[in-house]
Amino acid sequence: MHIFANPARFVRLANKILPWAIGVLALCLPYGLYLAIVASPPDYQQGDSVRIMYIHVPSAWMAMFTYMVMASASLAAIVWRHPLALIAGKAAAPIGATFTALALITGALWGKPMWGTYWVWDGRLTSVLILFFLYLGYMAIWQAMDDEETAGRAASILALVGVVNLPIIKFSVDWWNTLHQPASVIRLDGPTIHADLLGPLLWMAVAMKAYFIIVFLWRMKLEINKRKLAVLQMSVVNAHG
Amino acid sequence: MADFFAMGGHGTFIWLSYGIVFLALIIIAIMSFIELRSLEAKLNKLKRNNKRSSKTTDTPENNSTGKV
């Protein structure tokens, strides 16, 4: 009984959060875009191509953040067997995969004019590509197994093993020689990026975080409804058959 | 205006990046929302049918197994 009560309480909470998240997105996205495309100055070395950073870096942050959400949910699913945890992981995966693909694509489109190449097999790019495959693997396991419980546990284990990739992504630019620039925002000694460039970056990052919350909650509600529907259909079959 | 879209010669890369990001994010959001709505509709329809036709007490709201 409590298993059913929990999702109901979660849906009520989600419905309270959703309008706020939509409000934040509606506020931050236009202003962030205005700063990113119009108001911010071109970089003194990169010119206007620096504007790709305002979607590339937040996408990459969200790719890693979403993985942390998915991995935390997987841990909770395995340790406490909380029914919402499996749902959370499953809901996060396609969003994370999308953000990862977008980080790779925008990175390539930024690399071509700045580095002269779409792709290099260096530590940063390769580890992010592995992140993308981890998302795909996680989703493939869900698809491959009929039993939700077994599929969820197997996928969760993959998600937890893949956590090792996160510090590799973060520190790859320090550990290995690369064309990719090192961290300039999330540093122990504070951001080294110029304030004119940091502003639009942060607005876009908040907008993408709000976007994530919205779609993540929709997808969690969607998964809860799928399970409710399965239970209802069973009870209909029982009642009539 | 043409200068603005040219973005110092990097226009193609910049607009393509922004275009792909927004297209992808909008598609995922719309797909999720549509699936959510259609599931909600199916659920409501089943619930109504259940109430009308079924006299069993073992509805999902008070099912004995507690399985979600």
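What follows draws every value from the coordinates through simple rules; no lab data is involved. Everything numeric here is computed off the predicted structure, so don't read it as measured data. A quick note on method: Cβ atoms are made from the backbone with ideal geometry, for glycine too, and the neighbour counts reach across all protein chains shown.
Below, the figures for the structure above:
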quantity	calculated
Calculated FRET efficiency for the pair residue A:136/residue B:20, C-beta based, R₀ 22 Å, to 0.05	0.75
With at most 10 neighbouring Cβ atoms within 10 Å, loop chymotrypsin sites (Phe, Trp or Tyr not before Pro) (DSSP) excluded, longest segment of chain A	A:122-241
Shielding score for A:202-215, defined as the mean number of other chain Cβ atoms within 10 Å	1
Average other protein chain Cβ within 10 Å of Cβ, residues B:2-14	5
Of A:29, A:125, A:13, the one that fluctuates the most in a GNM where chain A has Cα springs shorter than 10 Å	A:13
Förster radius 25 Å - calculated FRET efficiency between residue B:45 and residue A:149, Cβ distance, rounded to 0.05	0.35
Out-of-range pairs (alpha-carbon distance over 29 Å; input A:90/B:47; A:170/A:221; A:170/A:226; A:90/A:170; A:16/B:45; A:209/B:45)	A:170/A:221; A:170/A:226; A:209/B:45
Potential extension, residue A:196-residue A:81 segment - 0.36 nm per residue separation minus Cα distance	36.8 nm
Neighbouring partner chain Cβ atoms per residue of B:30-43, average, 10 Å criterion	5
